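What follows is a short report on a single structure.
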Amino acid sequence: MSGVHDVRWFDPRGMRDEAILQLATGRDVLLRQLLDAIHERLVQPGTLSHWLLTGNRGAGKSFFLRLLQAKFAAHFEGRARFVLLPEEHSNIFAAHEFLAETERMLSVEQGATGAPPSWKVSQPEAAWTQALDSLLAAFSEPLLVIGVENFDQLLEQAFADDANNARLRHLLSNQPRIMLVATAVHGHFDEQYHQRLFRQFEHHPIPPWDGADHRDYLTRRAARARQTPSAIQLARLQAYSHYTGGNARAAAVLAGFILDEDDPLAGALDLDAAIEKMSDYYRDLLKAVPTQSRKLLDALIRGGEPASQSEVAERTGARQNDISRAFAWLVDQGYVSESRLPGAKAKQYRLRDRLLVQYYRMRYIHPGQRSKLALMAELLADTLAFPDKWQYANRYIADGQEHEAHTLLELALKERQVLWDLLPTSLQNPRSLCAAGGDWAAWDAILAAPKGTQFEEMLRRFPDDASFKRSMDSAYALARAASREEVSGEQLAPMVWASLSLGFAEKFRVLISMLSPSMTAYQWRELVKVLEAGEQKFAELTEKYPDAIDQLYVSRTLGEQYPRTQAMTEGVEKLLAQGTHAMVSSAELPTIARWASEAALAWLAAEHPVEADGALEICCGALLKMQDDVRYSPEQVLALCQPLLPWQAQFSLAPRHMLYERLGVAQVELGRYAEALASHTMGRDLAQQAGQAKVATWNLAKMAWSLGQSGQPEQAMALHQQALAECLAQQDFERASWCLGQMARHTASLSGLDAAWALLDAELTHLPGHEVKAAQQLADAVADAAHQQHEAAAFVLGKAMLLGLTQRPALPTEAVLRAWWIDMVEMAAPHSVQRDLLDEWPVVFAEQASSLEALRQILRSWLDDLDTPAAQRERRRQTLDPDLATTLSALDAALPPRARRRLRLLPPPTQEDSHDK
């Protein structure tokens, strides 16, 4: 048990002064008034005054006297003394014994034990006089302040007859060196004018604590245990301040319970002890209630609070006007408080003292209650957070305390408007219910996640079909037992489960939303309308498209077995079709690819090859879209492909070749050409087996590129030539022109530029309208020369290309030049070589110099822009002519993503906004 229980609830005398001073709460004003009164007695001894502190048991009367004791010396050292008598007056049965006990307590620290009570006092007056003289001689200060608890009990024991009453009155009225500070539940003994003690005391009720006092005390208690109370703990205590009725002792019990997170049973035992201590008080309090009013008090507690007068009357078999006078007595005497809910006509009533309610339940309604926690159900409902109720219930089950677990679970269900009695029989025991509701924290976490990440959170929390299905089944069973006003979960949950319009992730989300406090009755009603409309719509569609609807039923049946896998499949299908969805983050494509990859492997494991193929095709489609995105990361694509490779042989041909194609493209982007060659070779073989000739040719061209980039131009030439022939046979002139251009590039390296031009001249006639794309690839040879030889060789080759272009008027000069410079920038040909070649334009293209000058200046500005540090580039462009800046942006856009990343023309590659980040 934590240090918060080091505080004594019922014996402040056992607490050290430093603890008293640290925990003192809500008593500053009253203490200041009392200290001022004592000071006034010292200044004017003839002005006699005595204090009576009144308040219910537990109001803090004992603590206040200890606070006075702890503060006294600092204020009145050498001028006054304070003596605090024992709480119970077990040895005071005669008037003089009161004075003798006071004298004993002045020297109690020296071991004084005092005398036992006298069997008979033969000379009361002499005994009184002698005891008073002895007491006054026992202290030297001008004033002795005597703290006396339970003063009404002392009067009954020692001052019951008129003679002793008169002696006490004379003492209070005439002795300037003695001042009493007494406590009692009430002050009736000096309120009757015919009594001898009439108005001998100033009455000072102990003020009840308000919400701020509760918070202050909790903070002080936490500090003593070297804790800092959380905002939730502070809010819990303040919210439950109505339970204590401002009673300081009850608040102390609750503070200990709230701070001690180890076990609510500790709080239950404290509360039980508090009520046990106050039993006599409550028994007397109930006896003071007239019979008819006591019947109504019982009906109010036994039938449940709050309740209206008419409800209480109905419980007792009476009419409201029959009980009005007896009920008014309860209100007038402060037993019952009234309130009115917004919009309600009838007033609601509840007992003001919540500890009295607990006492009544313990003694008269559930005297044999097997669950201690059941006795504090109201406290637990308001002060124990929902997740904590489940946590403690699990702990109690593990400890074999199922009755306590049952209490907490029923309270938790009630908090979410789920009725225990409506649960299936299999869940109506704490152990099975704890197992079923164990995911509730996960459900709340899913709903608390941003809308765009809820599905991701769902998949993370339930990482396989078994856990997903188990949790979804639990949510369904609990949702059926829930309700919102007139709409029952027994009606709504089956509609959600059977819906053909909701995917499995959406069904799961709706079911757990039904168990969330945030889903209102209005939303329940609207959901019923939506689902009813959906049922009607599908009934109409069944007549028109029976086969399609049958397929939906098949998918639903499959999803009931494998809900997580089906949810991922449904989710990615929608996302690929729609682009965005409420349940997915902004990094959609990588997320889709990963979900589809997981689904593909899960379907394989479940021996559903058709669904596995479909999921893999979706994955590859997402990867294709990623690779079309200007910001994609090849490393990311590689990471998404790798987990699928060990299982690729179990898929059919079409998705397998798609997988290898995406893998090969990523490997090329990373410069891993040997691996790319192997991937595209596998892709080509699979595409050929599948009868997809164009796809096979595409892979062949990628194989040739990988060979060329890895320094194998002869082998690359051969494959490009084969790919060219296949493209022409397929009438794919766009790809054919690229293959021809690559052949010219390698021919320039192997046989010289003249041979390359000759190849282009011979073959371009077969590619009308694609001449520029074919000629563009020749610029790769300039980059090859720079990288494989030196910049001078690159310049020589580049100038020769310019001269060759002048000899071919059929080619559009300006378009080819623009394409060459884009290609040289893409292939990282040195900018210095490109600038030198631009300087050659006016000479080489003398007849066209004026018409080409604008393009030449634009390309030079582009190179300057690319050489500007990326951090300064945007600022530089803002200083340019707007038309020029727009043209430069268009040139940037003509570059492939890899070149733009290298030149830092793009943001960094997108990353998933998920836990995998």
Partners for LYS287 among lysines (Cα-Cα distance below 23 Å; same-chain residues under 8 apart left out): LYS277, LYS295
On average, how much accessible surface per residue is there in the chain, in Å², for a 1.4 Å probe, leaving out ligands, DNA and RNA? 45
Within segment 628-693: Cβ-based charge dipole about Cα centre, in debye rounded to nearest 20 (Lys, Arg +1; Asp, Glu -1): 140
Can you bin segment 588-692 into rounded, prolate or oblate? Criterion: square roots of the alpha carbon gyration tensor eigenvalues sorted a ≥ b ≥ c, rounded for a/c under 1.5, prolate for a/b above b/c, oblate for the rest. oblate
Reduced to Cα centres, the span from segment 63-112 to segment 444-511 in Å works out to 67
Which of the peptides 513-522, 39-48, 691-700 is most tightly packed, and how do the rest follow, judged by the mean count of other Cβ atoms within 10 Å per residue? 691-700, 513-522, 39-48
How far apart, in nm, are two points set 7 Å out from the Cα along the Cα-to-Cβ line at VAL554 and at ARG875? 6.4
State whether segment 438-560 is rounded, prolate or oblate according to the following rule on the C-alpha gyration tensor (a ≥ b ≥ c being the square roots of its eigenvalues): a/c under 1.5 gives rounded; otherwise a/b larger than b/c gives prolate, and the remaining case gives oblate. oblate
How high is the relative contact order of the chain, in percent, counting Cα pairs under 8 Å that sit 6 or more residues apart? 6
Of all DSSP beta bridges located in the chain, what percent are antiparallel, nearest 5? 30
Under the definition of Cα pairs under 8 Å and six or more residues apart, what whole-number percent is the relative contact order of segment 438-560? 22
Working from Cα positions, state the angle (0 to 90°, nearest 10) between the long axis of helix 28-43 and the longest principal axis of the chain. 40
Please give the length that would be gained between ASN321 and THR868 if that part of the chain were fully extended, namely 0.36 nm times their separation in residues minus their C-alpha to C-alpha distance (nm, one decimal). 187.7 nm
Compute the Cα gyration tensor for segment 34-135, then decide on rounded, prolate or oblate, letting a ≥ b ≥ c be the square roots of its eigenvalues: rounded whenever a/c is under 1.5, prolate when a/b is larger than b/c in the other cases, and oblate in all that remain. prolate
If you average the C-alpha positions of segment 519-565 and of segment 115-140 separately, how far apart do those two centres end up, in angstrom? 93
Go through LYS507/LYS574; LYS389/LYS507; LYS389/LYS451 and tell me which ones have a Cα-Cα distance over 19 Å in this structure. LYS389/LYS507; LYS389/LYS451
Among 774-782, 130-138, the order from most to least packed when residues are scored by Cβ within 10 Å on average: 774-782, 130-138
Using 0.36 nm times the number of residues separating TRP647 and ASP17, minus their current alpha carbon distance, what extension gain do you get? 219.3 nm
Nearest-20 debye value, the chain charge dipole, Cβ charges on Lys, Arg, Asp, Glu: 2540
Between segment 815-862 and segment 713-783, the Cα center-to-center distance that results, in Å: 22
For n ≥ 4 DSSP H runs only, could you compute -39500 (n - 2.57) per run for the chain, divide by its residues and tell me the 222 nm figure to the nearest 500? -20500 deg cm²/dmol
Report in % the part of the accessible area of segment 588-692 that belongs to carbon and sulfur, leaving out ligands and nucleic acids; probe 1.4 Å. 56
For helix 465-480, what angle does its Cα long axis make with the longest principal axis of the chain, in degrees from 0 to 90 and rounded to 10? 50
In degrees, nearest 10, the alpha-carbon axis of helix 504-514 is tilted away from the dominant principal axis of the alpha carbons of the chain by 20
Answer with a single label: of (i) 30.2, 100; (ii) 45.4, 148; (iii) 43.7, 126, which was calculated as Rg and Dmax of the Cα atoms in Å from the structure in view? (ii)
Express in nm, to one decimal, how much length is gained between ASP685 and ARG32 on full extension, taking 0.36 nm for each residue of separation and deducting their alpha carbon distance. 225.5 nm
In a shell of Cβ-Cβ distance under 14 Å around CYS619, excluding CYS619 itself, what net charge do Lys and Arg (+1) and Asp and Glu (-1) give? -3
Sticking with the crude label model, points 7 Å out along Cα→Cβ, report the distance from TYR545 to ALA792 in nm, one decimal please. 7.1
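The values are calculated or read from the model by the stated rules, or taken from the named source; none is laboratory data. Given the structure is predicted, the values throughout are model-derived calculations rather than measurements. In this analysis, Cβ positions are derived from the backbone assuming ideal geometry, glycine residues included, and neighbour counts consider all displayed protein chains. These area figures cover heavy atoms from the full protein model, side chains too; ligands, DNA and RNA do not enter into them. Shrake-Rupley method; radii C 1.70, N 1.55, O 1.52, S 1.80 Å.
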